[in-house]
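**Student:** Take a look at this one; I'll ask things after.
The values are calculated or read from the model by the stated rules, or taken from the named source; none is laboratory data. The model shown is predicted, which means the values in this text are computed figures rather than measured ones. Glycine gets a Cβ as well: all are built from the backbone with ideal geometry, and neighbour counts include every protein chain shown. Areas reflect the complete protein model, heavy atoms only, side chains present, ligands, DNA and RNA absent. Shrake-Rupley method; radii C 1.70, N 1.55, O 1.52, S 1.80 Å.
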Amino acid sequence: MRHLASNPHLVTKSIATGYTVSRAWRLLLKDLGLHPGKVLQRAQLPGDLFSRDSATLDSLQYFSLLTALEDEANESGTSDSMPLPLRFAKAMSADWFDAALFAALCSVDLNAALLRIAKYKRLVAPMTLKVDIDAEHTRLTMDWLDKTQAPPAVLVAIELVFFVQLARLATRSEIKPIGLVSVMPLGQVTQYEHYFGCKIAAGEMSTLIFSAVDAQRPFLTANHGMWSFFEPALSKRLHDLDFQASMTERVRSALLEALPAGNVTMSTISRKLGVSSRTLQRRLHDEGSGFQQTLDKVRVSLAQHYLGYSAMTSAEIAFLLGFEDPKEALIYSQQVFP
């Protein structure tokens, strides 16, 4: 069963400490006919959030904001029966995009755009993207950095809609995915399938599949000079994000990436982080944590995630949590899954 551990879709990348709130949110809400103050009040967030120069949200706040956005849209009195994510697509404009997303529009095609967004997505949202490109298709798989909290269904739908609308906006073509999987049921499924142009399947990871022809269709918005302008600032933001992370967060991130392959010794994680094992232990101790304590917490949160969103057995999950010895895996599974 060790082959399960090599599934790349089960690997989670770095964890950010906060996600930038762009002022473009004000434009988005205006175009959707929603009042920013009411949305923020519902989400129990500061009323001046969208006016701040460097506002950030953690995962739970980000999820609360999207839930509040949907609730406000549902109670705004509009006669539009279209689901909020499809209203989002209908109104979507390059004016909304912050640097990370606008840079995607500067790409030569959808393949290049998805790779750029995958690199910088964690600056603006608590999610990770995996892009697989081959001769026949391009597969985009979405996952969430915080395994302890399921994302709201409206956010899953918005992300699926966004990437399709991005392709259509940049190519001015009615691009349709050839496959679509949603980790959560989407209400008003008929309207969604009409928009996407394909059936929606249920699965463990939200996934979009585009044909190679569509993924390589030239972006009419391509602008290498603009990308050259944005790229240094985006790279610096990523560097600053990693630099500011605590050692506990960095270890947690490295463990999430290494666990499915079983590489979870302290020496292995130390090498990945570019520090000695002694420095790693000291930094974790200073933060009131420890390597084994952090490893145990990551395993428990991942176990809960797999139990809630997959049909795997406890033994299979135990192997995905980095146990090489079947007996050790069995003991752990009996302790965590009584």
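**Student:** If a residue must be in a helix (DSSP H, G or I), open to solvent by less than 40 Å² (accessible area, probe 1.4 Å) and either without any contact (Cβ under 8 Å) to a residue 60 or more places away in the chain or among the polar types (S, T, N, Q) (or both), how many such residues does region 280-302 contain?
**Tutor:** Let us first name the residues in region 280-302 that are in a helix (DSSP H, G or I), namely 280-286, 291-302.
Of the ones still in play, those that are also open to solvent by less than 40 Å² (accessible area, probe 1.4 Å) are 280, 284, 291, 294-295, 298-299, 301-302.
So of that shortlist, the ones also either without any contact (Cβ under 8 Å) to a residue 60 or more places away in the chain or among the polar types (S, T, N, Q) (or both) come out as 280, 284, 291, 294-295, 298-299, 301.
Matching residues across region 280-302 total 8.
**Student:** If you take the residues in region 311-321 that are in a loop (DSSP other than H, G, I, E, B) and crowded, with 16+ Cβ neighbours inside 10 Å, which one is modelled with the highest pLDDT? Even if it seems obvious, please write down each step before you answer.
**Tutor:** In the first step, residues of region 311-321 are kept if they are in a loop (DSSP other than H, G, I, E, B); the result is 311-313, 321.
Adding the requirement that they be crowded, with 16+ Cβ neighbours inside 10 Å leaves 312, 321.
Working: M312: 73, L321: 77.
The residue in question is L321.
**Student:** Here are S81, S107: which of them is in a loop (DSSP other than H, G, I, E, B), more than 18 Å from the chain's Cα centre (by Cα) and modelled with pLDDT of 90 or more?
**Tutor:** On the way: S81 fails: modelled with pLDDT of 90 or more.
Only one candidate qualifies: S107.
**Student:** Let me ask you something else. Based on this model, can you work out whether L129 counts as surrounded by 19 or more Cβ atoms within 10 Å (Cβ to Cβ), under 29 Å from G187 (Cα atoms) and free of Cβ contacts under 8 Å to residues at least 24 places away in the same chain?
**Tutor:** Values: surrounded by 19 or more Cβ atoms within 10 Å (Cβ to Cβ): yes; under 29 Å from G187 (Cα atoms): yes; free of Cβ contacts under 8 Å to residues at least 24 places away in the same chain: yes.
Here the answer is yes, as L129 does meet what is asked.
**Student:** How many residues are at pLDDT 95 or above and either closer than 20 Å to A118 by Cβ or in contact with a helix residue (DSSP H, G or I) (Cβ under 7 Å, 6 or more places away or on another chain) (or both) if we restrict to region 193-217? Show your work before the answer.
**Tutor:** To start, the set of residues in region 193-217 that are at pLDDT 95 or above comprises 193-201, 206-217.
Filter again for either closer than 20 Å to A118 by Cβ or in contact with a helix residue (DSSP H, G or I) (Cβ under 7 Å, 6 or more places away or on another chain) (or both), leaving 195-196, 199-200, 206-212, 214-217.
Counting residues in region 193-217 that are at pLDDT 95 or above and either closer than 20 Å to A118 by Cβ or in contact with a helix residue (DSSP H, G or I) (Cβ under 7 Å, 6 or more places away or on another chain) (or both) gives 15.
**Student:** Sticking with this one: Kindly indicate whether any position in region 261-272 is open to solvent by 20 Å² or more (accessible area, probe 1.4 Å), in a loop (DSSP other than H, G, I, E, B) and modelled with pLDDT under 75.
**Tutor:** Scanning region 261-272, I find at least one residue that is open to solvent by 20 Å² or more (accessible area, probe 1.4 Å), in a loop (DSSP other than H, G, I, E, B) and modelled with pLDDT under 75, so the answer is yes.
**Student:** Restricting attention to region 132-146, which residues are open to solvent by less than 20 Å² (accessible area, probe 1.4 Å), farther than 11 Å from S206 by Cβ and at pLDDT below 95? Show your work before the answer.
**Tutor:** From region 132-146, those open to solvent by less than 20 Å² (accessible area, probe 1.4 Å) are 138, 140-143, 145; that's our starting set.
Filter again for farther than 11 Å from S206 by Cβ, leaving 138, 145.
Across region 132-146, the qualifying residue is only L145.
**Student:** Limited to region 160-183, what total is found for residues that are open to solvent by less than 30 Å² (accessible area, probe 1.4 Å) and either under 20 Å from W144 (Cα atoms) or touching a residue at least 12 places away in the same chain (Cβ under 8 Å) (or both)?
**Tutor:** Filtering region 160-183 down to residues open to solvent by less than 30 Å² (accessible area, probe 1.4 Å) leaves 160-164, 166-168, 170-171, 175, 177, 179-180, 182.
Those still in the list that are either under 20 Å from W144 (Cα atoms) or touching a residue at least 12 places away in the same chain (Cβ under 8 Å) (or both) too: 160-164, 166-167, 170-171, 175, 177, 179-180, 182.
Summing the residues that are open to solvent by less than 30 Å² (accessible area, probe 1.4 Å) and either under 20 Å from W144 (Cα atoms) or touching a residue at least 12 places away in the same chain (Cβ under 8 Å) (or both) in region 160-183 gives 14.
**Student:** Just need a number here: residues in region 17-50 that are open to solvent by 50 Å² or more (accessible area, probe 1.4 Å) and in a loop (DSSP other than H, G, I, E, B). First the steps, then the outcome.
**Tutor:** Start the filter on region 17-50 by keeping residues that are open to solvent by 50 Å² or more (accessible area, probe 1.4 Å), which leaves 17, 20, 23, 26-27, 30-31, 33, 35, 38, 41-42, 44, 46-48.
Those left that are additionally in a loop (DSSP other than H, G, I, E, B): 17, 23, 33, 35, 44, 46-48.
The number of residues fulfilling the criteria is 8.
**Student:** Restricting to region 178-192, give me the number of residues that are part of a loop (DSSP other than H, G, I, E, B) and at pLDDT 95 or above.
**Tutor:** Within region 178-192, the first condition is being part of a loop (DSSP other than H, G, I, E, B), and the residues that meet it are 178, 183-188.
With at pLDDT 95 or above added as a condition, the list becomes 178.
Going through region 178-192 one residue at a time, the tally reaches 1.
**Student:** Let me ask something else. Taking E249 as the residue in question, decide whether it is acidic (D, E), more than 22 Å from C106 (Cα to Cα) and modelled with pLDDT of 75 or more. Can you show your working first?
**Tutor:** Details: acidic (D, E): yes; more than 22 Å from C106 (Cα to Cα): yes; modelled with pLDDT of 75 or more: yes.
Here the answer is yes, as E249 does meet what is asked.
**Student:** Checking the condition in contact with a Lys or Arg (Cβ under 6 Å, 6 or more places away or on another chain), at pLDDT 75 or above and either closer than 25 Å to A318 by Cα or open to solvent by 70 Å² or more (accessible area, probe 1.4 Å) (or both), which residue from A258, A254 passes?
**Tutor:** Details: A258 fails: in contact with a Lys or Arg (Cβ under 6 Å, 6 or more places away or on another chain).
Residue meeting the stated conditions: A254.
**Student:** Where residues in region 197-217 are free of Cβ contacts under 8 Å to residues at least 40 places away in the same chain and under 20 Å from the mean Cα position of the chain (by Cα), which of them is most open to solvent (accessible area, probe 1.4 Å)?
**Tutor:** First pass over region 197-217, keeping only residues free of Cβ contacts under 8 Å to residues at least 40 places away in the same chain: 197-203, 213.
Of the ones still in play, those that are also under 20 Å from the mean Cα position of the chain (by Cα) are 200-203.
Values: I200: 38, A201: 48, A202: 98, G203: 31 Å².
Per the criteria, the residue is A202.
**Student:** Given the condition open to solvent by 10 Å² or more (accessible area, probe 1.4 Å), in contact (Cβ under 8 Å) with a residue 40 or more places away in the chain and touching a Phe, Trp or Tyr at 6+ places or on another chain (Cβ under 6 Å), answer yes or no: does some residue in region 63-82 qualify?
**Tutor:** Taking every residue of region 63-82 in turn, none turns out to be open to solvent by 10 Å² or more (accessible area, probe 1.4 Å), in contact (Cβ under 8 Å) with a residue 40 or more places away in the chain and touching a Phe, Trp or Tyr at 6+ places or on another chain (Cβ under 6 Å).
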